[in-house]
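First up is the structure itself, then whatever we jot down about it.
The values are calculated or read from the model by the stated rules, or taken from the named source; none is laboratory data. Here the structure is a predicted model, which means the values were calculated and not measured. Cβ sites come from the backbone with ideal geometry, for glycine too, and all protein chains shown count toward neighbours.
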Amino acid sequence: MTDRVTINLEDGIADVRLNRADKRNALDNAMFLALARAGEELKARPGLRAVVLSGDGPSFCAGLDFSSMQRLADSGDAADRAAAHESGNPGESGNPGEMASGRITHLGQQVCWVWQEVPVPVIAAVHGHALGGGIQIALGADIRIVHPDTKLSVREVHWGLVPDMTGTFMLSRLVRPDIAKELTFTARVFSGTEAFALGLATRLSDTPYDDAMAMAREIAGRSPGAVRGAKALINRMASDGAAEQFAAERQAIGEQIGSANQIEAVKSGFEDRPPVFVDV
């Protein structure tokens, strides 16, 4: 496990923390790899009863690292990443577009979906910021305990992209289609309080980590076979169509990465000016 993600286990509870506080736990290649590996490790962990997923420091996860976002404005790097979406070759670079053989997710999707594959309940404790990839990771958890003042956003359209980390699928499970569309199309920032009203947050808390740990301890005190069986049964119904939707996400974002409008979205954002898009 790299230092990007830490895991502490006690009494059957895994305390998993994104550990890049100085960058608000933004997602770089090392973070993508570390998150996926953490989930894989926990899937095989004997005696596991519950998982609490949180971010160290002032935020849960602020989304894609700005340095990575700047590289998306370079057509060469964008083409490389778009090609990786289709390569099917596993790798150790941490490129979120890489896929391992036999998976229904690329790495960017897997850092969210792996929490559904972990056989025990995963509780996300969300505070500070959960933007773009950050909110999609939180949506991958079974339960979200969110601070009322958290700033959340389905941010990808702001950068000329589409949610491609299972976000379209997970949003559709939690909110009405019109709400999912409004949040995605506008890329607006909304509060934890609104997230609860919309159904994206399970519970509001001024101390989300403490309350998530308390819930994990309560779950850990239940029959482990019954809890695992219940998660598997609920996921069996809720996961129908996931593979097809994830493939559609990969195709949709592959069509945007490196396009003139996507490059303009990134450049205008960093230059703090109105974008000038071409019609499609």
* Name, by its number, the condition in (1) closer than 27 Å to Pro275 by Cα; (2) outside any helix (DSSP H, G or I) that does not hold for Asp206. => (1)
* segment 18-69 - residue that is part of a loop (DSSP other than H, G, I, E, B), polar (S, T, N, Q) and out of contact with any Leu (no Cβ under 7 Å at 6 or more places or on another chain) and, of those, farthest from Ala265 (Cα to Cα) -> Asn19
* To do: Exactly one condition in (1) on the phi > 0 side of the Ramachandran plot; (2) at pLDDT 90 or above is not met by Gly94; state its number.
  => (2)
* Asked: In segment 1-15, how many residues are touching a residue at least 60 places away in the same chain (Cβ under 8 Å) and in a strand (DSSP E or B)?
  -> 2
* Determine, yes or no, whether Leu18 is buried (at least 17 other Cβ atoms within 10 Å of the Cβ), in contact (Cβ under 8 Å) with a residue 60 or more places away in the chain, out of contact with any Pro (no Cβ under 8 Å at 6 or more places or on another chain) and not hydroxyl-bearing (Ser, Thr, Tyr). => no
* Does segment 218-227 contain any residue that is part of a helix (DSSP H, G or I) and closer than 17 Å to Gly140 by Cα? -> no
* Selection within segment 135-193 - closer than 14 Å to Leu64 by Cα and either surrounded by fewer than 24 Cβ atoms within 10 Å (Cβ to Cβ) or more than 15 Å from the chain's Cα centre (by Cα) (or both) -> Ser153, Val157, His158, Trp159, Gly160, Leu161, Val162
* Structure fact -> Among the residues of segment 175-211, the number that are over 14 Å from Ala130 (Cβ atoms) and of a type in the set (A, V, I, L, M) is 4
* Taking Ser223 and the conditions (1) among the polar types (S, T, N, Q); (2) over 30 Å from Asn95 (Cβ atoms); (3) in contact with a helix residue (DSSP H, G or I) (Cβ under 6 Å, 6 or more places away or on another chain), which numbered condition does it fall short on, given that it satisfies the others? -> (3)
* Structure fact -> Exactly one of Glu86, Glu117 is modelled with pLDDT under 95, of a type outside the set (A, V, I, L, M) and over 23 Å from Arg155 (Cα atoms), and that residue is Glu86
* Considering every residue within segment 183-200, establish whether at least one is out of contact with any helix residue (DSSP H, G or I) (no Cβ under 7 Å at 6 or more places or on another chain), in a helix (DSSP H, G or I), within 20 Å of Gly63 (Cβ to Cβ) and among the charged types (D, E, K, R). => yes
* Asked: List, please: which pairs have Cβ atoms under 8 Å, are six or more places apart or on different chains, and start with a residue in segment 94-105 that is within 15 Å of Ala248 (Cα to Cα) and end with one that is assigned to a loop (DSSP other than H, G, I, E, B) and at pLDDT below 90?
  -> Met99/Gly88; Met99/Asn89; Met99/Pro90
